[in-house]
Amino acid sequence: MSSKTIFLADMESFYASVETARNPSLRGKPVAVCGDPALRHGIILAASREAKALGVKTGQPAWEAQRMCPWIIFVHPHMQLYIDYSLRITTIFEQFTDRVLPYSIDEQFLDLSGSFLPGGSPRATAQLLIENIWSETGIRCRIGVGENPLQAKMACDCFAKKRPDLFFELNSANYANLTWPLPIGSLFGVGYRMVRNFQRIGVRTIGHLAALPRDILRRRWGISGEVLWLNAQGIDYSSVGPDQIQEQKGVGHTATLPRDYRNQQEIELVLLEITEEVCQRTRRRQKIGTTVHLHCRGADFDHPGGFSRQKKLPEATANAMTIYPTILNLFRQHWDRKPLRAVGVSLNGLTDYRQLRLPFSACAAKEESLIRTADQLRERFGKTSLFRASSLRPGAQLLQRAGKIGGHDA
């Protein structure tokens, strides 16, 4: 089998870079993109390289970043602008290959296998891409190259981001020598919880994981453990292309709360609003779901708490008032009464098949007609044109979050 040539292009400090590109006077200065520092949204979403050099990190509270760097420049996020820039960058990539797979708003995979490399080699072609992105958008692009998407991702995250030429290449010949000495947390797919799990069994580097028998990982962590073992070997069977953009299997929404929520009624009110949002988006796709998932994150940054639970529904639905009682039961059963900083709801197992309920209920038909009418009104006049009176009560977030993208102003 001929080896592939996969690129992963990652935009440096994307949100901060976009703000600098639209306002060149910020170039060379410590810039951080964050929401309102007076609210919970005062969390650093992106920091320029100058800010990072002074210790500012993504996810840090704004007040902490300002203490580390008193002259830091805070910029309010403009989410629609970032989306527009991301689409522009995709267009540039499509001039090189038709096999482009957006991985996130600031990362995209490109498959140049078997095609003519404009630069004559992966390194020269990557340099052309980097120069084109810079000249057309004013944003620095880092590129990792591999024989599969996993190698390209590891090349970018672990090496290219640290090199002045913004490029690095991994392949089956050098993958083990270069990645196995790295700490296990550097392996793609290993989060902080998995790091702790691995450390308990003596796995501290990627090489330690690669040396374990494959069946041990599968017995202990199922298919997820086996995938991580394959990642440690540099093996990835996935491909890059439009056909890999799979249909979404669930619809979810998470809200970071403007303050620590301790009051049960306020938390349950936000959960109702989020459930409504998730169900509306599901119906917009003409789907219904079979399983609900509830995620609550604790307010303590140093010792993250909270829980994540799911439950299968008696029948597939996208009716918020049918789903909400299940959400409430999960919440009341698993909440430890400690303050929360974020809550999320998702509806999974999507299908467009609805099992016919017998005997047929005229009342249910009227209810569905009412829901469709409400959806049409919101689509035409906005989500705040019709909402529950409970969203006027203390703790509600619907009116504050209306018109935002990802919880931030468009």
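Within the stretch 108-125, the set of residues being crowded, with 20+ Cβ neighbours inside 10 Å and either outside any loop (DSSP other than H, G, I, E, B) or of a type in the set (Ser, Thr, Tyr) (or both) comprises 108, 109, 110, 111, 125. Inside the stretch 209-225, can you point out the residues that are of a type outside the set (Val, Ile, Thr) and surrounded by fewer than 17 Cβ atoms within 10 Å (Cβ to Cβ)? Hits for the stretch 209-225 are 211, 213, 214, 215, 218, 219, 220, 221, 222, 224.
Conditions first: (1) under 16 Å from residue 86 (Cα atoms); (2) more than 23 Å from the chain's Cα centre (by Cα); (3) surrounded by fewer than 21 Cβ atoms within 10 Å (Cβ to Cβ). Residue 173 passes all but one, so which condition is the exception? The failed condition is (1). Name the residues in the stretch 167-189 that are in contact (Cβ under 8 Å) with a residue 40 or more places away in the chain and hydrophobic (A, V, I, L, M, F, W, C), would you? Matches in the stretch 167-189: 167, 170, 176, 180, 187, 188.
Could you list all residues from the stretch 176-200 that are buried (at least 17 other Cβ atoms within 10 Å of the Cβ) and more than 20 Å from residue 216 (Cα to Cα)? Listed by number, the residues that qualify are 178, 179. The set of residues from the stretch 245-271 being in a helix (DSSP H, G or I), surrounded by fewer than 20 Cβ atoms within 10 Å (Cβ to Cβ) and aliphatic (A, V, I, L, M) comprises just one member, 267. Among the residues making up the stretch 156-170, a single one is under 20 Å from the mean Cα position of the chain (by Cα) and surrounded by 24 or more Cβ atoms within 10 Å (Cβ to Cβ): 156.
Is it fair to say residue 294 is within 20 Å of the chain's Cα centre (by Cα), modelled with pLDDT under 90, under 30 Å from residue 379 (Cβ atoms) and crowded, with 20+ Cβ neighbours inside 10 Å? Answer is no for this residue. Flag: residue 289 does not match the condition of being among the small types (Gly, Ala, Ser) and surrounded by fewer than 20 Cβ atoms within 10 Å (Cβ to Cβ). From the list 240, 203, the lone residue that is in a loop (DSSP other than H, G, I, E, B), more than 20 Å from the chain's Cα centre (by Cα) and not basic (Lys, Arg) is 203. Annotation: residue 40 fulfils all but one of (1) over 27 Å from residue 254 (Cα atoms); (2) at pLDDT below 90; (3) among the charged types (D, E, K, R); the unmet one is (1).
The values are calculated or read from the model by the stated rules, or taken from the named source; none is laboratory data. Bear in mind the structure is a predicted one, so any value in this text is a computation, not a measurement. Glycine gets a Cβ as well: all are built from the backbone with ideal geometry, and neighbour counts include every protein chain shown.
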